[in-house]
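Structure record follows, encoded as structure tokens.
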């Protein structure tokens, strides 16, 4: 059972975070002291060397061997701190579909999770991918349905509001960020591309209006759901998504944007390949009471087109946290925003 979250003292500011902090001996010592105390209260002890396989501006993770197997201590930046609060909500509402936290410290944006085993990306390769991913997405769809009544609560804990009614405004935000990038470091090709995107403003708004009429309520969208962010099923344990730091509140079908993109990329196929439809339709079975197949497929297309802007903004946040406006990911927000020009609702890759 998860420890009671430690609340931030009144008047206290956010806990220091970032690569320089998380890479320091002082931070590691403090984190492990806290971790040891939390584990000891559950009869668990640390038994081996601690490693830090993930160290990025938005989060870091320590892998800690213990008497009950590996556990992971994740620390989030202010931009993704809501993930810690989100796990508390998910473990209350859908405990069988997520990793149950062993400890949470909301004040410092720390969370301890058990090891989830192998990911789907490690075990479902090549031709096995569509069937395995379809089954995992059907499981994930159950989580989304359970969370539909809690959309406002999800927004309240910090998940970005990417519901259809807000997306014209989000388009304008993404456009402003991309205009800034192009003005600073864009090529002539980028400027032409941006002009084409600007011309799509009304068409995008029309997509949003149509999507608002969907009979499928808004819910949690993982927003980076691919085979390496899903733990494979084990005996008695279903597939479970993890790494919720990019998640938003949106039309649930927007989750297929990245998931199906990885199918296209992994199998090197086009958007109309039957294996892409196989994965999509396995997911849609869980929503069959909310519309005809044609209506649900149309909603997928709309949600994914609109969700491209959410991905643009997610990348923009990551770049801002990196503090490297000219870094290796600098063009990612423009790439995703320009994807609204692609007639395919899902593009290859993530």
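Being in a helix (DSSP H, G or I) and within 19 Å of residue 254 (Cα to Cα) is the filter here; which residues of the stretch 154-171 pass it? If the condition is that a residue be in a helix (DSSP H, G or I) and within 19 Å of residue 254 (Cα to Cα), then 154, 155, 164, 165, 166, 167, 168, 169, 170, 171 are the ones that fit. The number of residues in the stretch 192-202 that are touching a helix residue (DSSP H, G or I) at 6+ places or on another chain (Cβ under 9 Å), surrounded by fewer than 13 Cβ atoms within 10 Å (Cβ to Cβ) and either farther than 22 Å from residue 166 by Cβ or in contact (Cβ under 8 Å) with a residue 60 or more places away in the chain (or both) comes to 1. Applying the set (1) surrounded by fewer than 16 Cβ atoms within 10 Å (Cβ to Cβ); (2) in the same structural domain as residue 66 (by TED's automatic domain parsing); (3) in contact (Cβ under 8 Å) with a residue 24 or more places away in the chain to residue 102 leaves exactly one unmet item: (1). Only one of the listed residues (316, 310) is part of a helix (DSSP H, G or I) and farther than 18 Å from residue 211 by Cα. That residue is 316.
Residues in the stretch 151-163: is at least one over 18 Å from the mean Cα position of the chain (by Cα) and in contact (Cβ under 8 Å) with a residue 40 or more places away in the chain? Within the stretch 151-163, none of the residues are over 18 Å from the mean Cα position of the chain (by Cα) and in contact (Cβ under 8 Å) with a residue 40 or more places away in the chain. Considering only the stretch 50-62, I want to know if a residue exists there that is surrounded by fewer than 19 Cβ atoms within 10 Å (Cβ to Cβ), part of a loop (DSSP other than H, G, I, E, B) and either at pLDDT 95 or above or not assigned by TED's automatic domain parsing to the domain that holds residue 222 (or both). Yes: one or more hits. May I ask you to verify whether residue 85 is within 15 Å of residue 106 (Cβ to Cβ), outside any loop (DSSP other than H, G, I, E, B) and touching a residue at least 12 places away in the same chain (Cβ under 8 Å)? When the stated conditions are applied, residue 85 passes them. Does any residue of the stretch 327-335 turn out to be within 20 Å of residue 159 (Cα to Cα), outside the structural domain of residue 81 (by TED's automatic domain parsing) and crowded, with 17+ Cβ neighbours inside 10 Å? Within the stretch 327-335, one or more residues are within 20 Å of residue 159 (Cα to Cα), outside the structural domain of residue 81 (by TED's automatic domain parsing) and crowded, with 17+ Cβ neighbours inside 10 Å.
Yes or no, residue by residue, for (1) at pLDDT below 95; (2) in contact with a strand residue (DSSP E or B) (Cβ under 6 Å, 6 or more places away or on another chain); (3) buried (at least 16 other Cβ atoms within 10 Å of the Cβ):
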site: 96; (1), (2), (3): yes, no, no
site: 132; (1), (2), (3): no, no, yes
site: 138; (1), (2), (3): no, no, yes
site: 150; (1), (2), (3): no, no, yes
site: 154; (1), (2), (3): no, yes, yes
site: 169; (1), (2), (3): no, no, no
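Among the residues of the stretch 121-136, is there at least one that is within 26 Å of residue 261 (Cα to Cα), assigned to a loop (DSSP other than H, G, I, E, B) and in contact with a helix residue (DSSP H, G or I) (Cβ under 6 Å, 6 or more places away or on another chain)? Yes, the stretch 121-136 contains a residue that is within 26 Å of residue 261 (Cα to Cα), assigned to a loop (DSSP other than H, G, I, E, B) and in contact with a helix residue (DSSP H, G or I) (Cβ under 6 Å, 6 or more places away or on another chain). Residues considered: 286, 311. Of these, the only one that is touching a residue at least 24 places away in the same chain (Cβ under 8 Å), crowded, with 17+ Cβ neighbours inside 10 Å, touching a helix residue (DSSP H, G or I) at 6+ places or on another chain (Cβ under 7 Å) and farther than 30 Å from residue 179 by Cα is 286.
The values are calculated or read from the model by the stated rules, or taken from the named source; none is laboratory data. Since the model is a prediction, treat every value here as computed from it, not as a measurement. Here Cβ is always computed from backbone atoms with ideal geometry, including for glycine, and neighbour counts include all displayed protein chains.
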